[in-house]
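Report on the structure given below.
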Amino acid sequence: MCRRGKRRLAGGWHGFGKACALPKSNKRKAAQKDGVQKMKKKLLALFMALVMVSGVMAGCGSPKEAEGEAASAQTEGEGQTENKQAEDGQEADEDEPKELTKVTLSAQPALHSLGIYVALDKGWFEEEGLDVDVLTYIAGAPQLEAVASDSWSVGVMGIAAGVTGLVSYDLTCLGFSFWDYSSQKLYVRPDSEIALAGQGQVEGYEGIYGTPELYKGKTILCTKGSLGHLQLLATLDALGLKEDDVNIVHMEIAAAYQAFLAGEGDAVCLWSTFSADGEGEGLIPASSCEAAKLFVPSVILASDKALADEETTQKIMNVIFRGTMWVNENREEAAQYYYDLCIDEGVTCTEEYALSYVQESDAPTVEEYKAMFEGDEFSANLEMAMKYYIACGTYSEADMDKVMNGFDGTMLMNAIEFYEENYAE
Amino acid sequence: MEQMIRESKKREALGRMKKESIRNLCLGIVGIAGLLLLWDMVARFGIIPKNLIVSPWEVVKTLAIKMSDTKPEGSLLLAHITSSLIVALSGYALALLIGIPLGLLMGWYKAIDRLIGPVFEVLRPVPPIAWIPFTIIFLGIGLEAKAVIIFLSAFIPCLINSYSGIKLTNQVYVNVAATCGASRWETFCRVGIPSAMPMVFAGMRISLGNAWSTLVAAEMLAANKGLGYMILMGRTYGRVDLIMSGMVMIGILGIIFNAVFDRVERFVLRWRVTR
């Protein structure tokens, strides 16, 4: 394209020069004019070439960067693997490169996905013979749209997106990484009648502010289909209200927070760093997952393609579980990882918030994990989340069957066993 | 005899026009039928996976269900259509009311052009979606804010076309008006505006398309009803049928508006010589 443009410009100018027979006195002026024109055209061609080259470079930037990161992670991982082998007294053959299986995972800049980033940084995937690319999504909806086009095989997300993945994308739930309820809250202004009414007025739900009457007809800004929405549904249920009793306005979390601070709406559903910001602004958490007794886990979902390669997926689960347990046992260091992840992904965060969030978040111990999957605690949690969705008409009873049948904890149990055999102290 | 010849020529011309309009209608129907057939085949034979596309019949089924079922996003189809029409038409009306007079005045009076032109040139490249944070702060999350987002996308073609239209006024007509003693304002009203009307209508048509295409962005701001909201919820819940139903509905409403617009244009500009 570039060459064709250049030839056309040059030909046009040359033709003009040949065709015109100018008087001698005007020839110098014409030559100067031609020179200027020629220079202009050259500059234009150079500018266009630069634009095209920069466009091509920009287009190719991301994959190259990703490759670079993957390569550096791989090198680092291999180094660590070799160290470990040396420590164990095994002889590693350096001439024989280890063949890695390429896999793509998906995650979010959230605590439930942190184990993946830690494992990537520490080279634990390479130890298992995996060459991993991690696609980071800021929300569940685009993450699920990507799996439809086979962009990733195993992903970690919140339960709201997880349920959609099980119902609409025929994914399989392999387990969960962290509890996912600590920062999900419904905020009101300090001078609102709900806040002024105080806590302890709803029987059985002492943490919720206000009475059911005070919530009726209120405008609540909320990202529908998110865990914040689920928490709102649980709160309304605790108050004995239905979704129609309040006016829920769908907004993205950042816009909702901005609008609420600008005086719009009576309440807002916030999570993650927005919760911390909200409390910093003096907003009152009128309800939370804990207050509404909604204890939901994040979920690990796998595509059919991932399930077909059982061995690789098991290895992924082994590493994710190892990463999760590391986060659980090294909260301070994990907080730094979380902070770095937020900054890398453009999520507003402070080191103080990262520390308090990571330290306050709940994750089961190995024994608790085992107990959850040996009994029916995990499926009971999924069922509870689905009941709220069914009550408000988002999903049907038939979808409940899909969710309950879409869970297979075998690989997570194997991962727990593997962890106990190899890494547990 | 002469009259008979004239009448027969008129009849012939009318017959030709009728034939041509029937042929055009047939071609349009064949085009749409072809698209539907292709779409159905792509969905039916799994050329694109089922969780990425649904067949046209499933879209029709979803639209029929949505007439009486509020699930999963919480409103009936009619409520979505009404809400979107209010938002889109408010923004569009605002764009016509401000864009057309401003464009005409800028094109006719140099002082206004020099005063407003640079401001317009600065604001013109800013995409409507970039205004969302400011509209939240200054106008909240209600109809006004959404209408302003639509207005920002529909306003620009209105202004540019009105401006260009009046600039292209034949100078001979202006001179004739001046010779007959018309004031500058009278010439603007009686010569400039009528001569700009074909371009103004072209701008209005482009604006209408822009208003509809910005609907999803406007309803991203905040909504609990609307076709854009329906599409967003379909995306959140992984319901491709809901997404495609919203898209089809926007398309159908666009066709209806275009047809109505054609009639209005033909009536208002009936003096125009058409080929």
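The values are calculated or read from the model by the stated rules, or taken from the named source; none is laboratory data. Since we're looking at a predicted model, the values are computed, not measured. In this analysis, Cβ positions are derived from the backbone assuming ideal geometry, glycine residues included, and neighbour counts consider all displayed protein chains.
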Task: Extreme residue, farthest from the other protein chains (Cβ to nearest Cβ), among residues of region A:172-197 that are surrounded by fewer than 24 Cβ atoms within 10 Å (Cβ to Cβ) and among the aliphatic types (A, V, I, L, M) - done: A:197
Task: Candidates B:122, B:126, B:148, filtered to the one that is more than 12 Å from every other protein chain (Cβ to nearest Cβ) and closer than 19 Å to residue B:86 by Cα - done: B:148
TODO: Considering (1) among the charged types (D, E, K, R); (2) buried (at least 21 other Cβ atoms within 10 Å of the Cβ); (3) assigned to a helix (DSSP H, G or I); (4) within 14 Å of another protein chain (Cβ to nearest Cβ), say which one residue A:305 fails and leave the rest.
DONE: (2)
Task: Qualifying position, being touching a residue at least 24 places away in the same chain (Cβ under 8 Å), assigned to a loop (DSSP other than H, G, I, E, B) and aliphatic (A, V, I, L, M), among B:63, B:52 - done: B:52
TODO: Taking residue B:42 as the residue in question, decide whether it is more than 30 Å from residue B:218 (Cβ to Cβ), surrounded by 11 or more Cβ atoms within 10 Å (Cβ to Cβ) and outside the structural domain of residue B:250 (by TED's automatic domain parsing).
DONE: yes
TODO: Could you tell me whether residue A:353 is in contact with a helix residue (DSSP H, G or I) (Cβ under 8 Å, 6 or more places away or on another chain) and more than 26 Å from residue A:409 (Cα to Cα)?
DONE: yes
Task: Identity of the residue in region B:146-168, touching a Pro at 6+ places or on another chain (Cβ under 9 Å) and of a type in the set (S, T, N, Q), that ends up farthest from residue B:195 (Cα to Cα) - done: B:153
- [ ] Please indicate, with yes or no, whether at least one residue in region B:195-214 is surrounded by fewer than 23 Cβ atoms within 10 Å (Cβ to Cβ), more than 14 Å from chain A (Cβ to nearest Cβ) and either touching a strand residue (DSSP E or B) at 6+ places or on another chain (Cβ under 8 Å) or in a loop (DSSP other than H, G, I, E, B) (or both).
- [x] no
Task: In region B:153-184, residue nearest to the other protein chains (Cβ to nearest Cβ) [restricted to those that are within 19 Å of residue B:87 (Cα to Cα) and buried (at least 24 other Cβ atoms within 10 Å of the Cβ)] - done: B:153
Task: Condition broken by residue A:155, with the remaining ones in (1) part of a strand (DSSP E or B); (2) more than 14 Å from every other protein chain (Cβ to nearest Cβ); (3) under 19 Å from residue A:314 (Cβ atoms); (4) not β-branched (Val, Ile, Thr) satisfied - done: (2)
TODO: Return only the number of the condition from (1) touching a Phe, Trp or Tyr at 6+ places or on another chain (Cβ under 9 Å); (2) crowded, with 18+ Cβ neighbours inside 10 Å that residue A:313 does not satisfy.
DONE: (1)
TODO: Name every residue in region B:63-86 that is in contact with a Lys or Arg (Cβ under 9 Å, 6 or more places away or on another chain), within 14 Å of chain A (Cβ to nearest Cβ) and surrounded by 15 or more Cβ atoms within 10 Å (Cβ to Cβ), in order of residue number.
DONE: B:72, B:73, B:74, B:75, B:79, B:80, B:83
Task: Conditions (1) surrounded by fewer than 24 Cβ atoms within 10 Å (Cβ to Cβ); (2) under 17 Å from the mean Cα position of the chain (by Cα); (3) of a type in the set (S, T, N, Q): number failed by residue A:168 - done: (2)
Open item on the list: Going through B:232, B:242 one at a time, which residue ends up being closer than 30 Å to residue A:226 by Cα, within 11 Å of another protein chain (Cβ to nearest Cβ) and in contact (Cβ under 8 Å) with a residue 60 or more places away in the chain?
Closed with: B:242
TODO: Give me a count of the residues in region A:375-417 that are more than 27 Å from the chain's Cα centre (by Cα) and more than 18 Å from residue A:172 (Cα to Cα).
DONE: 4
Task: Tally, over region A:93-118, of residues that are surrounded by fewer than 20 Cβ atoms within 10 Å (Cβ to Cβ) and aliphatic (A, V, I, L, M) - done: 1
Task: One residue from A:175, A:204, A:225, A:162 being over 20 Å from the mean Cα position of the chain (by Cα) and modelled with pLDDT under 95 - done: A:204
Open item on the list: Here is a list: B:102, B:96. Which entry is within 16 Å of the chain's Cα centre (by Cα), surrounded by 13 or more Cβ atoms within 10 Å (Cβ to Cβ), in the same structural domain as residue B:199 (by TED's automatic domain parsing) and more than 30 Å from residue B:239 (Cα to Cα)?
Closed with: B:96
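If I filter region A:402-410 for residues that are hydrophobic (A, V, I, L, M, F, W, C) and within 26 Å of residue A:327 (Cα to Cα), do I get at least one hit?
yes
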Open item on the list: Yes or no: region B:5-15 includes at least one residue that is under 28 Å from the mean Cα position of the chain (by Cα) and without any contact (Cβ under 8 Å) to a residue 40 or more places away in the chain.
Closed with: no
Open item on the list: Being surrounded by 14 or more Cβ atoms within 10 Å (Cβ to Cβ) and within 14 Å of chain A (Cβ to nearest Cβ): is that true of residue B:133 here?
Closed with: yes
Open item on the list: Checking the condition surrounded by fewer than 20 Cβ atoms within 10 Å (Cβ to Cβ), within 14 Å of chain B (Cβ to nearest Cβ) and within 21 Å of residue B:135 (Cβ to Cβ), which residue from A:254, A:259 passes?
Closed with: A:254
Open item on the list: Need a quick list: helices (runs of 4 or more DSSP H) entirely within region A:314-425 having at least 3 residues that are under 22 Å from residue A:108 (Cβ atoms).
Closed with: A:331-344, A:351-360, A:377-391, A:410-422
- [ ] Might you check whether a residue that is under 22 Å from residue B:116 (Cα atoms), in the same structural domain as residue B:150 (by TED's automatic domain parsing) and either touching a Leu at 6+ places or on another chain (Cβ under 9 Å) or in contact (Cβ under 8 Å) with a residue 40 or more places away in the chain (or both) occurs anywhere in region B:167-181?
- [x] yes
- [ ] For residues that are over 15 Å from residue A:345 (Cβ atoms), surrounded by fewer than 24 Cβ atoms within 10 Å (Cβ to Cβ) and touching a Phe, Trp or Tyr at 6+ places or on another chain (Cβ under 7 Å), tally how many sit in region A:119-149.
- [x] 2
Task: Residues of region B:215-231 classified as assigned to a helix (DSSP H, G or I), buried (at least 23 other Cβ atoms within 10 Å of the Cβ) and not aromatic (Phe, Trp, Tyr), total - done: 8
TODO: Return yes when residue A:296 is closer than 23 Å to residue A:141 by Cα and touching a residue at least 60 places away in the same chain (Cβ under 8 Å) and no when it is not.
DONE: yes
